[in-house]
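Novice: Before I ask anything, let me first share the structure, which is written out below as structure tokens.
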Amino acid sequence: MSRQIVLDTETTGLSAESGDRIIEIGCVELLNRKLTGNNLHFYINPERDSHEDALKVHGISNEFLRDKPKFAEVADEILRYLEGAEVIIHNAAFDIGFLDKELERLGRGAFTSFVDGVTDTLVMAKQLYPGKRNSLDALCDRLGVDNSGRTLHGALLDAELLADVYINLTRGQEALLIDLGDVGEQGVTGERIDLSVFDLPVLAANAQELAAHADVLAQIDKASGGKLVWQGEPAAAS
């Protein structure tokens, strides 16, 4: 079963190296690309005040955080929740930099040593939409994800929005999946189908379709600055 955690943080400022801290962490669980509702959310006392610019972004006051748990008090619960999952983050270097610094203060290992890999949706979006704005808000607008409730940044809300964005970004993958029935402890219980008994026709593209395909590739190559890597030998028309 594929377990993924979509994660977002809010912080006192932009530089973990300069002493800025995490003030909020929000995590949303996906099992086989479906939301489970098993989410994790903490406000965290950063033991310092937020910068004025950061307050304008997240709107979480220093006073509100005074009685919240410190990162050290919730670190074990966070790591247990994340253990073994693929973690999905938008602009992962930023969040991981802060998480690494918090764990370093506790004498713990790097964040990536606790999870089964990290997927950065900002990197994905830049590859899919080169030259375009790829902020979370921009992707919500482009992919039809309702972000009307996002007046300020919030870790749990942003993680929920990012989960929808990720599912939409990778929507084409669903076409590659075949529903084989229920999966139990012994594996797939659905009946096996011998595909060799089917006579599956091969439909080749015609000249007009090949020309349209070549035109799209040329546009992508131009937009990416000549970085197109999957254009092979031209296929013969049917």
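The values are calculated or read from the model by the stated rules, or taken from the named source; none is laboratory data. Keep in mind it's a predicted model, so treat the numbers as computed, not measured. Virtual Cβ from ideal backbone geometry, glycine too; neighbours counted across all protein chains shown. Note: accessible area is taken over every heavy atom of the protein model, side chains too, but ligands, DNA and RNA are not part of it. Shrake-Rupley method; radii C 1.70, N 1.55, O 1.52, S 1.80 Å.
Novice: Applying the selection to region 105-162, what residues are basic (Lys, Arg) and in a loop (DSSP other than H, G, I, E, B)?
Specialist: Once the filter is applied, which keeps residues that are basic (Lys, Arg) and in a loop (DSSP other than H, G, I, E, B), region 105-162 yields 108, 132, 133, 150.
Novice: Same structure, new question: Which ones in region 21-45 are in contact (Cβ under 8 Å) with a residue 60 or more places away in the chain and either surrounded by fewer than 15 Cβ atoms within 10 Å (Cβ to Cβ) or of a type in the set (D, E, K, R) (or both)?
Specialist: 21, 24, 33, 41
Novice: If residue 18 satisfies all but one of (1) open to solvent by less than 30 Å² (accessible area, probe 1.4 Å); (2) part of a loop (DSSP other than H, G, I, E, B), what's the number of the condition it fails?
Specialist: Condition not satisfied by residue 18: (1).
Novice: Failed condition for residue 13, given (1) part of a loop (DSSP other than H, G, I, E, B); (2) within 15 Å of residue 105 (Cβ to Cβ); (3) open to solvent by less than 10 Å² (accessible area, probe 1.4 Å), with all others met?
Specialist: Condition not satisfied by residue 13: (2).
Novice: Moving to a separate point now. Could you say which residue among 120, 141, 146, 164 is within 22 Å of residue 87 (Cβ to Cβ), open to solvent by 40 Å² or more (accessible area, probe 1.4 Å) and without any contact (Cβ under 8 Å) to a residue 60 or more places away in the chain?
Specialist: After applying the criteria, what remains is 164.
Novice: Tell me which residues, restricted to region 88-112, are of a type outside the set (Gly, Ala, Ser) and over 18 Å from residue 24 (Cβ atoms).
Specialist: Across region 88-112, the qualifying residues are 104, 106, 108, 112.
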